[in-house]
């Protein structure tokens with residue numbers, strides 16, 4: 001670049017600094033947040049924290065978040081069981097039959113739905129279910145998470161199903177296999193690992209959500225049974241939110257430990273999903 | 001069974017299957033419609049009683065049954081604007097770096113790391129923002145800022161830690177991943193020929209970006225900014241922890257405020273009767289705002305992607 005004038009060279013240099021600086025602007029907060037949560041949370045993580053319920057007062061030491069951990073596991077299990085079949089079958093429609101105006105509308109609405117605020121989903125389920133039944137319940141919370149996951153699963157699954165080679169479908173159809181059996185025996189199994197990836201990313205998103213649970217699942221000091229969805233139930237994000245707001249250092253310490261557990265859960269899901277996705281793409285290409 | 005029968009059976013099974021999956025696809029539309037219908041129904045008494053004053057009113061006093069949402073709408077717009085002003089230059093910088101500059105080997109890990117930022121739950125951002133970031137911002141940024149530039153109404157003191165500005169900073173960090181991801185998609189679609197043409201004319205790397213890449217990707221980047229704005233508008237928990245919770249309209253961004261989403265989160269569980277209906281009504285307003293922004297943003301991104309791909 002010897003022929004480049006000074007001003008142009010300076011502009012080029014400034015642009016490089018801007019771009020590299022931007023990358024740092026994103027990575028520094030990421031490192032600070034993860035580092036701080038690990039540093040503050042690790043001190044309190046113990047078997048007690050993972051196996052006991054929270055104490056009765058904010059100011060008390062000890063206790064744990066087992067009620068929230070178990071609640072979160074229950075909620076995301078049911079939310080997945082509801083949103084996975086609906087989302088994947090809607091995605092089958094989009095990838096197998098999805099041409100024309102209706103399909104474009106479904107795609108567009110699904111994209112728009114990923115932008116619906118999660119607090120509004122909570123308000124919606126409150127108004128649809130909690131007001132009708134007259135009480136907070138775990139299953140209303142699970143349904144709120146399912147609504148939140150639905151567009152993520154649908155769009156993610158469609159992307160994956162579109163990657164299944166046309167030739168596979170055509171070969172199956174040419175052998176006289178009906179379309180629906182082709183979908184179940186050829187298309188879905190071929191895309192299986194990709195579908196798992198899409199689901200795990202949706203679960204990771206739902207597991208960290210607080211806002212949709214505030215007035216659906218509500219929270220519960222006591223640990224509820226694995227199959228009991230009629231009572232209000234706690235969730236990890238709910239406990240972190242409440243303890244963060246409490247202004248007592250004893251409670252805030254528990255919030256940090258809870259944040260570490262939650263981040264570990266979400267990151268394990270996200271990274272595992274990416275790992276599965278990369279392995280699959282290596283195999284098919 | 002006769003062959004003709006079997007073919008007919010298979011065909012009708014296929015037909016059933018198509019109807020089945022179409023129904024599930026339609027369910028997505030139904031859910032969105034039901035969301036709007038059901039919440040509007042619940043909030044109807046409030047809409048009916050207050051009319052336009054519900055969004056124009058400046059006074060929010062549940063104890064007196066007065067509900068005016070303007071301070072919350074104001075807070076939502078101000079915090080989201082601060083987030084956009086801070087996040088967009090950073091996001092576009094990252095997107096350009098990742099698509100055009102970064103060495104192939106570091107590209108993928110960097111993409112993952114930025115996505116990881118999006119995976120951190122809102123409540124963790126809030127916890128970190130409240131306990132770690134907020135006191136430092138207040139001591140080292142807001143206080144000196146209001147001392148030096150306090151004559152500008154925007155930065156008038158005394159500064160508070162829990163403020164529009166702090167919420168804006170947290171939101172900015174939270175929306176960087178989505179603005180980056182969508183900008184990156186659009187920038188990646190810019191035709192190689194244009195970049196090569198600019199290079200052949202002796203353009204520097206920055207000139208290639210400025211002359212060949214950015215003009216092409218502009219519509220898509222505008223769309224990504226709108227989608228980022230929509231995300232910031234709906235963000236609840238992190239904001240609820242650092243906004244301060246006072247429904248006021250001030251010129252200074254260093255004052256405590258409130259947003260639509262965070263007031264719903266904070267007041268819902270103590271509310272009864274018409275107060276609940278008013279909060280659901282706020283939800284409808286929030287939904288309407290985000291849907292408008294998202295529809296506009298998606299249209300921008302779709303049109304840009306289609307224009308570039310063809």
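The values are calculated or read from the model by the stated rules, or taken from the named source; none is laboratory data. Keep in mind the model is a prediction, meaning the values are calculated, not measured. All Cβ positions, even for glycine, are placed from backbone atoms using ideal geometry, and neighbour counts span all protein chains on display.
So the values come out like this:
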read-out	value
Yes/no for residue B:296 being more than 9 Å from every other protein chain (Cβ to nearest Cβ), touching a helix residue (DSSP H, G or I) at 6+ places or on another chain (Cβ under 9 Å), in a helix (DSSP H, G or I) and free of Cβ contacts under 8 Å to residues at least 60 places away in the same chain	no
Some residue of the stretch B:22-44 being over 27 Å from the mean Cα position of the chain (by Cα) and in contact (Cβ under 8 Å) with a residue 40 or more places away in the chain	no
Options A:148, A:75, A:128, A:143: the member that is surrounded by 19 or more Cβ atoms within 10 Å (Cβ to Cβ), part of a helix (DSSP H, G or I), modelled with pLDDT of 95 or more and more than 21 Å from the chain's Cα centre (by Cα)	A:128
Hits in the stretch B:68-107 - residues which are surrounded by 19 or more Cβ atoms within 10 Å (Cβ to Cβ) and without any contact (Cβ under 8 Å) to a residue 60 or more places away in the chain	B:68, B:93, B:97, B:102
Filter pass, residue B:87 being within 11 Å of chain A (Cβ to nearest Cβ), closer than 30 Å to residue A:12 by Cβ, out of contact with any strand residue (DSSP E or B) (no Cβ under 6 Å at 6 or more places or on another chain) and assigned to a helix (DSSP H, G or I)	yes
Of all residues in the stretch A:234-247 being crowded, with 24+ Cβ neighbours inside 10 Å and facing chain B (nearest Cβ under 7 Å), the one that is farthest from residue A:68 (Cα to Cα)	A:244
Scope the stretch A:110-142; condition free of Cβ contacts under 8 Å to residues at least 40 places away in the same chain, in contact with a helix residue (DSSP H, G or I) (Cβ under 9 Å, 6 or more places away or on another chain) and either at positive phi or facing chain B (nearest Cβ under 8 Å) (or both); matching residues	A:112, A:113, A:115, A:116, A:120, A:124, A:127, A:128, A:131
Hits in the stretch B:109-153 (condition: over 30 Å from residue A:210 (Cβ atoms) and exposed (fewer than 13 other Cβ atoms within 10 Å of the Cβ))	B:144, B:147, B:148, B:149, B:151, B:152, B:153
Qualifying position, being more than 22 Å from residue B:265 (Cβ to Cβ), in a helix (DSSP H, G or I) and within 12 Å of chain B (Cβ to nearest Cβ), among A:197, A:182, A:250	A:182
Helices (runs of 4 or more DSSP H) wholly inside the stretch B:179-291 containing at least 3 residues that are without any contact (Cβ under 8 Å) to a residue 40 or more places away in the chain and either within 26 Å of residue A:242 (Cα to Cα) or at the interface with chain A (Cβ under 9 Å from one of its Cβ atoms) (or both)	B:260-267
Listing of helices (runs of 4 or more DSSP H) fully contained in the stretch B:95-145 that carry 1 or more residues being in contact with a helix residue (DSSP H, G or I) (Cβ under 9 Å, 6 or more places away or on another chain) and more than 9 Å from every other protein chain (Cβ to nearest Cβ)	B:104-119, B:134-137
Residue A:216, sole failed condition from (1) part of a helix (DSSP H, G or I); (2) more than 30 Å from residue B:114 (Cβ to Cβ); (3) in contact (Cβ under 8 Å) with a residue 24 or more places away in the chain; (4) in contact with a helix residue (DSSP H, G or I) (Cβ under 6 Å, 6 or more places away or on another chain)	(1)
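A quick yes/no check of all residues on (1) surrounded by fewer than 16 Cβ atoms within 10 Å (Cβ to Cβ); (2) more than 9 Å from chain B (Cβ to nearest Cβ); (3) touching a helix residue (DSSP H, G or I) at 6+ places or on another chain (Cβ under 9 Å); (4) in contact (Cβ under 8 Å) with a residue 60 or more places away in the chain:
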{"site": "A:27", "(1), (2), (3), (4)": "no, no, yes, no"}
{"site": "A:33", "(1), (2), (3), (4)": "no, no, yes, no"}
{"site": "A:39", "(1), (2), (3), (4)": "yes, yes, yes, no"}
{"site": "A:63", "(1), (2), (3), (4)": "no, yes, yes, yes"}
{"site": "A:91", "(1), (2), (3), (4)": "no, no, yes, yes"}
